[in-house]
Amino acid sequence: MKIKIGVAILLLFALVFGFMFLVKNKDEDGSDEVKIINFEITSGENIWNTASKLKNSGIIGSKIRFVWYVYNNDYRGKIKAGEYVLNSNLTIPELLLIFTEEKEPERESVKITFPEGFSLKQMSERLTENGFDGDRFLDLTSNSENFRDEFGFLSDIPEEKSLEGYLFPDTYFFFVDAQIEDIIIKMLNNFDGKLTDDLRQEIENQNKTVYEILTMASIIEKEVRSSEDKKMVGGIFYNRIQSGQALQSCATLAFILGENKKQYSYEDTQIVSPYNTYLNPGLPPGPIANPGLESIVAAIYPAETNYNYFLSNPETGETVFSVTLDEHNLNKVKNGL
């Protein structure tokens, strides 16, 4: 009887730890910056020592998940002593491939940066420039259904909508032979880590969805640059939605036209499209780009403001706010817009 109870307890622990890993198999230190770390595994050190050093170096977030993965994927006793150059974006499976004889320690990788506000199309072009299949990237990301089974936070995306907004802009290291599916999963894992439990809870408290927040965040991202300006613009846009006024965002016109203009014409504002926020009140049907964390936070925690209008100087990046339309028009003249 005692033996059976012991086996049951071990199975329970295996299920619990297995679930923890499946929920999130990528450990992060919470920082946006990708760090390069020189790491050494000494001869004879045990797996817990290795896990502790990885944790202390900021490469993984959980020693337990690392050890669990070693024991449950037949890596025990296969980790090689030696010196390694690692980066903080590596997942646990990638670390184990590097640490064992199954893959060469010096596996070639490529560094790719996706700036905040990049669209899926721009991401695909950058991947193509670095030797990856950008067309397949666009094909796979064009329908969120392709990844919903793996990521629960995609559940509120309307049917047949793309992953626009959910691929976190950041600096990544991809193995040169990485599959496009693995690249997308890595970016979704990054988003999953950046959208903390507190942020998700606040979104729920506001009776909003992640999809709605990312839609607003993507517009804010394309409109202004600084963190404070983003929160201010978020406040203005939410005020407009509440009052039934159209957002009148030039960023959505740029999305429709596929080009940025210093000044959009009246004809531009009359383009028939569900994404035209000059003609249609409220949010557009979905995100127009992939926003960074500051824009996401601004969409969740907008500033309370009495301002009703703003304009951004594309040359200086300065944002000028105004209360009345007359003041806004005067600011346009002053800034040559």
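Numbers below:
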read-out: Failed criterion for Ser322 (all others in (1) free of Cβ contacts under 8 Å to residues at least 12 places away in the same chain; (2) over 30 Å from Gln201 (Cα atoms); (3) among the small types (Gly, Ala, Ser) hold); value: (1)
read-out: Some residue of the range 18-27 being outside any loop (DSSP other than H, G, I, E, B), among the aromatic types (Phe, Trp, Tyr) and at pLDDT below 75; value: yes
read-out: Members of the range 313-337 that are of a type in the set (Val, Ile, Thr) and in a helix (DSSP H, G or I); value: Val333
read-out: All positions within the range 150-162 that are within 16 Å of Met187 (Cα to Cα) and of a type in the set (D, E, K, R); value: Glu150
read-out: Residue under evaluation Tyr266, criteria (1) farther than 27 Å from Ser322 by Cβ; (2) at pLDDT below 95, criterion not met; value: (1)
read-out: Where a residue in the range 282-293 is among the β-branched types (Val, Ile, Thr) and its partner, wherever it lies, is assigned to a loop (DSSP other than H, G, I, E, B), with Cβ under 7 Å and at least six apart; value: Ile288/Tyr275
read-out: Single condition Lys261 does not satisfy, out of (1) in contact with a helix residue (DSSP H, G or I) (Cβ under 8 Å, 6 or more places away or on another chain); (2) among the charged types (D, E, K, R); (3) part of a helix (DSSP H, G or I); value: (3)
read-out: Unmet requirement for Glu228, which otherwise passes all of (1) part of a helix (DSSP H, G or I); (2) surrounded by 14 or more Cβ atoms within 10 Å (Cβ to Cβ); value: (2)
read-out: Hits in the range 158-201 - residues which are closer than 20 Å to Pro291 by Cα, of a type outside the set (A, V, I, L, M) and in a loop (DSSP other than H, G, I, E, B); value: Pro158, Lys161, Ser162, Glu164, Gly165, Tyr166, Phe168, Pro169, Asp170, Thr196
read-out: Some residue of the range 160-171 being surrounded by fewer than 20 Cβ atoms within 10 Å (Cβ to Cβ) and within 25 Å of Glu108 (Cα to Cα); value: yes
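The values are calculated or read from the model by the stated rules, or taken from the named source; none is laboratory data. Since this is a predicted model, take the numbers as computed values, not measurements. Positions of Cβ are generated from backbone atoms using ideal geometry, with glycine treated the same way; all protein chains shown enter the neighbour counts.
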